[in-house]
Amino acid sequence: MLSTVEKVLFLKSIDLFSQISGDNLAEVALIATEESRDAGEEILAEGELGEALYLVLEGKIRLHQGDKAIAELGERECLGEMALLDPRPELGSATAATAAQLLRISRYDFQELLAQSPEIALAVIKVLSRRLRDAAR
């Protein structure tokens, strides 16, 4: 298991959390739980409401719609980030391509944290806005 300090260092290396101060990252680290998934195990199901953000500590995650592969994620990549802010049905599925270690941040816990620390919300919004601008180019 990762210590809180190790989680903070890991979170700081993730683009989505890169603009958040160390103290606020410690708060995020406290709500992040570790999960292990076996190869072939489903993480997100297409059409189900997204309830959490997952960060890949180790392993590979396959994103797909039915049998059609969309992408493969590895260490320090995340999936389900939109679920933190907007609980809509997932557009695709995510399955562990190999045994994987993940950090999970639930929408409920994250939204409670945002209510207490709006600066976290502003930092996440900045990153998401930058991503949208980059995608539009």
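The numbers here are math on the coordinates, done by the rules we state, and not lab data. What you see is a predicted model, and the numbers here were worked out from it, not measured in a lab. Positions of Cβ are backbone-derived with ideal geometry, glycine not excepted, and every protein chain shown enters the neighbour counts.
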The exposure ranking of L103, L2, fewest beta-carbon neighbours within 10 Å first, is L2, L103
Computed label-point distance, nm, for sites V5 and L91 using a 7 Å Cα→Cβ extension | 4.0
In whole Å, largest first, what are the principal axis extents of the Cα atoms in region 82-137?
-> 36, 34, 21
What full-extension length gain, to one decimal in nm, is calculated for L128 and T33 as 0.36 nm per residue of separation minus the Cα-Cα distance?
-> 31.9 nm
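What order do you get for Y54, Y108 when you list them from fewest to most C-beta neighbours inside 10 Å?
Numbers: Y54 24, Y108 13.
Ascending Cβ contact count within 10 Å gives the list Y108, Y54.
Quote the Stokes-Einstein diffusion coefficient, in whole µm² s⁻¹, for region 9-64, based on the Kirkwood radius over alpha carbon pairs, a temperature of 25 °C and a viscosity of 0.890 mPa s.
Working: Rh = 13.2 Å.
Estimated diffusion coefficient is 185 µm²/s.
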Please compute P(r) over all alpha-carbon pairs of region 19-137, binned at 5 Å starting from zero, and give each bin as a whole-number percent.
-> 2, 11, 19, 23, 21, 15, 8, 2, 0
Separation of alpha-carbon centers, region 81-96 and region 17-37, rounded to whole Å = 19
